[in-house]
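Encoded as structure tokens, the structure appears first; notes follow it.
Since every read-out is calculated from the coordinates, none of them should be taken as a lab result. Note that the structure is a prediction, hence the values are computed from the model and not measured. Cβ atoms come from the backbone with ideal geometry, glycine included; neighbour counts cover every protein chain shown.
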Number of protein chains: 2
Amino acid sequence: MRAVKIAVLQLALIMLMVLPVRALDVEISNFKLANGMEVVVIPNNRAPVVTHMVWYRVGSADEVSGKSGLAHFLEHLMFKGTSKRAPGEFDRLIDINGGEGNAFTTSDYTAYFQRIASDRLELMMELEADRMQNLVLTDENVLPELDVVREERRERTDNDPSALLGEQIDAAMYTAHPYGKPVIGWMSEVAKLTRADAMAFYRAHYTPANAVLVVAGDVTPEQVKVLAEKYYGVLKNSFTPQPRVRTPEPDPIAARRVTLIDARAASPAVQRSYLAPSYSASTGHEALALDLLADILGSGTQSRLYKSLVIDQKIAAYAAAWYSGDQMDSGTFGVYGAPNPGVDVAKVEAAMDAVLADLLKNGVTQQELDRVRNQAIAERVYTLDNQAALARMAGVALTTGLSARSIFDRDVEIGKVTLDDIRAAAARIIVLKRSVTGVLLPEPQTLN
Amino acid sequence: MRAVKIAVLQLALIMLMVLPVRALDVEISNFKLANGMEVVVIPNNRAPVVTHMVWYRVGSADEVSGKSGLAHFLEHLMFKGTSKRAPGEFDRLIDINGGEGNAFTTSDYTAYFQRIASDRLELMMELEADRMQNLVLTDENVLPELDVVREERRERTDNDPSALLGEQIDAAMYTAHPYGKPVIGWMSEVAKLTRADAMAFYRAHYTPANAVLVVAGDVTPEQVKVLAEKYYGVLKNSFTPQPRVRTPEPDPIAARRVTLIDARAASPAVQRSYLAPSYSASTGHEALALDLLADILGSGTQSRLYKSLVIDQKIAAYAAAWYSGDQMDSGTFGVYGAPNPGVDVAKVEAAMDAVLADLLKNGVTQQELDRVRNQAIAERVYTLDNQAALARMAGVALTTGLSARSIFDRDVEIGKVTLDDIRAAAARIIVLKRSVTGVLLPEPQTLN
């Protein structure tokens with residue numbers, strides 16, 4: 001993992017290191033505390049607020065088989081109090097200090113954050129450091145929270161046919177790698193999670209050396225360092241984190257299809273997802289090329305899919321493409337569309353296939369590449385100006401095997417992507433045997 | 001697990017128990033040694049030979065994520081010698097005593113067996129008891145065996161398009177339950193298995209209380225008991241087996257399809273597999289009804305699929321159906337067929353669908369049920385007359401949650417299966433959302 005290597009170097013220097021990469025006056029400091037906890041500081045003093053985040057290098061892909069949903073369940077339970085703070089006190093203290101906070105879990109990381117007046121940063125650190133080691137769980141507060149999580153799954157997944165289809169597509173995409181299971185967990189497994197499971201997961205994954213502190217906003221790296229050492233630096237590691245090696249997904253050999261018939265679906269839809277490298281797991285410009293290709297194919301009304309299916313042929317209500325490259329081990333590249341009323345979803349799929357076939361045969365034009373590259377650069381300017389977005393980018397990078405520097409590397413590298421890079425990425429990734437096609441139908445079309 | 005409950009009862013009686021079920025003069029004794037090792041004896045003195053089997057209640061579905069193939073790899077390594085016997089001596093002793101032996105691994109069990117003159121039974125027990133606790137593995141004999149297993153995978157799976165498709169179908173069928181991974185293991189995971197992995201698995205799963213001894217042939221239960229106590233009864237358990245609870249597979253919600261294009265395929269083929277209960281995991285007569293229904297649909301030239309697709313429509317080279325119900329947690333029900341040269345595989349699939357639709361609408365006839373039931377009973381007579389087959393049935397039963405008695409229960413219960421049982425089982429199981437359809441194509445038909 002590149003991030004770790006750089007961090008070790010930084011530790012050896014025993015000093016604050018300001019990365020020599022700057023963009024839009026964004027400065028990023030990245031150092032480690034003596035106990036191995038990594039720290040990123042992104043100063044910005046336009047407003048007297050800070051974004052304080054603690055990220056753990058653990059997510060649903062690190063759960064053992066049969067315990068899906070555990071990383072996310074623990075995220076909920078982290079608000080249940082510690083040996084020093086009663087349940088609810090964490091939220092109450094943030095609230096009465098005018099802040100707001102929350103948390104999120106993905107397959108690769110679990111993160112906790114608060115946005116608050118910069119003079120309250122110390123309190124946030126005190127609270128997060130406390131719950132990094134002193135979590136107290138009782139059956140009285142664990143069991144009701146399990147109901148909350150189950151309800152969350154019902155609302156977000158089980159009652160949403162598109163989400164259900166997405167879950168089935170992921171399950172069909174991955175045969176061995178744990179990205180095939182949902183972050184929220186299978187209901188059958190979530191329902192059986194226990195306090196003991198949560199405490200074991202907490203003890204196995206929550207320790208300073210497995211965490212990343214990100215502070216963005218109205219602070220200096222020096223201020224953060226003093227506070228971080230006071231609150232996080234004094235914590236002892238309860239274990240030594242090992243390299244995060246998930247079992248690799250075998251090379252895909254067979255095209256897969258998933259058809260979900262669900263009367264609750266608003267309209268039919270089709271989605272094709274190809275297994276692709278992620279930024280962290282790719283070499284050269286392949287990930288950037290896929291990012292730009294997704295824009296050329298399917299971002300906005302000027303994109304190939306939209307122009308062909310929605311404007312010219314008038315068969316689709318929408319048509320788009322995506323590249324998802326932020327996971328640690330692999331990503332997906334895909335296209336999707338929904339037919340206009342009265343149009344068969346198969347016609348939309350065939351039209352998407354035709355657009356892809358033309359792309360594979362003829363490549364993209366320099367004009368298209370320039371257009372999406374300029375758009376991407378403009379979007380980057382906007383993103384880099386957003387304190388919370390920057391903090392999040394840093395956290396994602398440092399918990400998925402990338403360096404803090406990589407955030408800015410992309411701004412440089414995007415200018416180097418060529419038509420050949422895009423052609424090569426398309427030829428390697430847009431191959432049916434790498435794909436899962438998901439079809440959502442409100443009503444049965446063919447059935448036994 | 002029913003088998004365990006009965007066994008505990010038998011232990012309490014502290015005596016040999018001959019089950020009060022007899023069929024075709026088959027007698028089966030089932031008892032436990034003091035250390036919890038279960039014993040089944042099936043006497044038959046027509047020839048002076050015995051089949052000696054030791055079954056462990058562990059298979060590939062008990063491996064942790066990322067270690068697929070480990071149960072099977074250990075099976076290979078069990079022939080590598082012990083603290084008392086040099087590598088190769090096991091096989092050599094069987095050989096010079098005129099016997100033959102082998103082993104096999106499935107998702108639910110691992111079994112070792114020898115067929116040998118009945119006066120050599122004691123030696124077999126000595127050898128099996130020795131390697132149950134004294135296995136010695138060295139890098140020198142583990143690493144070459146890993147090459148053997150990898151070559152086995154290449155030969156049996158990677159060079160066989162039908163096997164590859166089957167593997168992909170299983171992977172698509174199971175989203176959470178470990179039956180989705182191949183017994184031989186994913187090559188990417190097999191290649192990384194180590195001596196330490198094998199020893200850990202051995203220590204975690206091989207102990208008398210987790211094993212079943214089955215002896216069939218020219219012996220009496222009393223003889224077996226004396227020898228079993230001498231060799232197996234003296235072994236101390238290194239751990240206490242826990243209930244085998246695998247994470248349940250969520251109810252299927254979406255039909256899946258897998259298309260494998262492989263130039264090595266002899267001809268196109270289509271296979272539809274429905275997730276179904278197994279004998280162990282079913283209630284009432286559902287498993288038996290599915291067994292009989294598979295025969296009605298697709299066993300022999302009188303079956304519906306064969307008559308319709310091969311004889312009447314002349315579109316298929318073959319067409320058949322199966323029910324696979326011997327796994328512990330779930331099984332599959334399915335149909336398959338291959339088009340005649342020049343016929344589109346889609347036409348064969350549509351014809352299979354039509355046969356299934358007719359079945360679901362109109363059920364089966366009493367005449368069909370009587371025909372396949374009589375066939376099944378005749379086959380049972382043949383099977384129960386086979387010493388090795390009987391031993392295997394007993395081992396499967398006792399390692400998949402069934403009782404020894406269940407072997408004979410089926411002979412009684414099969415007479416009670418009604419047309420309504422078959423109609424109900426078909427209606428519940430033959431539902432597209434429970435299915436994975438696998439298509440094998442020698443050449444691309446539609447591609448981007």
> Just how large is the dipole of the protein assembly as shown about the Cα centre, in debye to the nearest 20, putting +1 at every Lys and Arg Cβ and -1 at every Asp and Glu Cβ?
Replying inline: 220 debye
> Once the convex hull of the C-alpha atoms of chain B is built, how many Å³ does it hold per residue, rounded to a whole number?
Replying inline: 152 Å³
> Using 7 Å Cα-to-Cβ label points, what is the B:ASP147/B:SER188 separation (nm, one decimal)?
Replying inline: 2.5 nm
>> Suppose you put the label 7 Å out from Cα in the Cβ direction; list, shortest first and in nm with one decimal, how far A:SER238 is from each other copy's label.
In response: 3.1
> Based on the Cβ-Cβ distance from A:THR418 to A:ASP312, what FRET efficiency comes out when R0 is 35 Å, to the nearest 0.05?
Replying inline: 0.80
> In debye, nearest 20: dipole of region B:256-441 around its Cα centre with unit charges on the Cβ of K, R (+) and D, E (-)?
Replying inline: 400 debye
>> Give me the inter-chain shielding for B:431-437: mean count of other chain Cβ atoms within 10 Å, whole number please.
In response: 3
> In whole Hz, what ³J(HN,Hα) sequence does region B:39-47 give by Karplus (6.51, -1.76, 1.60; θ = phi - 60°), x for Gly and Pro?
Replying inline: 10, 10, 10, 10, x, 6, 10, 5, 9
>> How charged is the neighbourhood of A:MET78? Take every other residue with its Cβ under 12 Å from the Cβ of A:MET78, and add Lys/Arg as +1 and Asp/Glu as -1.
In response: -2
> For B:THR138 and B:ARG203 in the same chain, what is the full-extension length gain: residue separation times 0.36 nm, less their Cα-Cα distance, in nm?
Replying inline: 21.8 nm
>> Projecting each Cα onto the charge dipole of the protein assembly as shown (Lys/Arg +1, Asp/Glu -1 at the beta carbon, about the Cα centre), which of A:GLY363, B:SER406, B:LEU369 comes out farthest on the positive side?
In response: B:SER406
> Label points 7 Å out from Cα along the Cβ direction at A:THR365 and A:ALA117: separation in nm?
Replying inline: 5.7 nm
> In percent, how large is the relative contact order of chain A, given Cα pairs closer than 8 Å and 6 or more residues apart?
Replying inline: 22 percent
> Size of the dipole of region B:33-231 about the Cα centre, Lys and Arg at +1 and Asp and Glu at -1 on the beta carbon, nothing else charged, in debye to 20?
Replying inline: 280 debye
>> Please give me the summed charge of the neighbours of B:THR247: other residues whose Cβ is under 9 Å from its Cβ, Lys and Arg +1, Asp and Glu -1.
In response: +1
> Reported to two decimal places, what Rg/Rh ratio describes region A:295-398 when computed on Cα atoms with Rh from the Kirkwood expression?
Replying inline: 1.05
> Efficiency by 1/(1 + (r/R0)^6): what FRET value for A:ALA34 and A:GLU155, r their Cβ-Cβ distance, R0 = 30 Å, to the nearest 0.05?
Replying inline: 0.10
> Taking the convex hull of the alpha carbon atoms in region B:33-231, what volume per residue do you get, in Å³?
Replying inline: 130 Å³
> Looking at B:ALA198, B:LEU384, B:ASN237, which one has the Cα that reaches farthest to the positive end of the dipole of the protein assembly as shown (charges on Cβ: Lys, Arg +1; Asp, Glu -1)?
Replying inline: B:ASN237
> Give or take rounding to whole Å, what are the principal axis extents of the alpha carbon atoms in region B:230-342, in descending order?
Replying inline: 64, 39, 36
> Taking region B:283-366, which trypsin sites (Lys or Arg not before Pro) meet the DSSP loop condition and have no more than 15 other C-beta atoms within 10 Å?
Replying inline: B:LYS314
> Shortest first and in nm to one decimal, what separations exist between B:ASP385 and its copies in the other chains, measuring from label points 7 Å along the Cα-to-beta-carbon line?
Replying inline: 8.9
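Using per-residue counts of other Cβ atoms within 10 Å, averaged over each peptide, order A:44-50, B:406-412 from highest down.
The densest-packed peptide leads the list: B:406-412, A:44-50.
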> What order do you get for A:106-116, A:134-144, B:125-135 when each peptide is scored by the mean count of other beta carbon atoms within 10 Å, highest first?
Replying inline: A:106-116, B:125-135, A:134-144
>> Which one, A:ALA263, A:LEU288, A:ILE169, projects farthest toward the positive side of the charge dipole computed for chain A from Cβ point charges (K/R +1, D/E -1)?
In response: A:LEU288
>> To make sure I understand the rule: partners must be lysines, Cα under 28 Å from the Cα of B:LYS433, and not fewer than 8 residues away in the same chain. Which ones qualify?
In response: A:LYS67, A:LYS181, A:LYS192, A:LYS347, A:LYS433, B:LYS181, B:LYS307, B:LYS347, B:LYS361
> Ranked highest first by the average count of other Cβ atoms within 10 Å around their residues, in what order do A:297-303, A:63-69 fall?
Replying inline: A:63-69, A:297-303
>> So if I average 1/r over every pair of distinct C-alpha atoms in region B:256-441 and take the inverse, what Kirkwood radius in Å does that give?
In response: 17.2 Å
> Gaussian network model of chain B, Cα springs within a sub-10 Å range: biggest mean-square fluctuation belongs to which of B:SER273, B:SER324, B:SER188?
Replying inline: B:SER188
> Applying 1/(1 + (r/R0)^6) with R0 = 25 Å to the Cβ-Cβ distance of B:ASN45 and B:VAL226, what FRET efficiency is obtained, to the nearest 0.05?
Replying inline: 0.90
> Got a sec to turn the phi values of region B:155-168 into Karplus ³J(HN,Hα) couplings, 6.51 cos²θ - 1.76 cosθ + 1.60 with θ = phi - 60°, whole Hz, x for Gly and Pro?
Replying inline: 5, 7, 10, 5, 9, 10, x, 5, 5, 4, 5, x, 5, 5
> Who wins for biggest fluctuation among A:ASP420, A:ASP62, A:ASP329 in a Gaussian network model of chain A, springs between alpha carbons below 10 Å?
Replying inline: A:ASP420
> Can you give the average number of partner chain beta-carbon atoms within 10 Å of each beta-carbon in peptide B:172-185, as a whole number?
Replying inline: 4
> B:TYR112: net charge of surrounding residues, Cβ under 11 Å, Lys/Arg +1, Asp/Glu -1, itself excluded?
Replying inline: -1
> Where Rh is the Kirkwood radius over the Cα pairs of the protein assembly as shown, the temperature 20 °C and the viscosity 1.002 mPa s, what D in µm²/s does Stokes-Einstein return?
Replying inline: 70 µm²/s
> Cα centroids of region A:99-144 and region B:208-223: how far apart, whole angstrom?
Replying inline: 58 Å
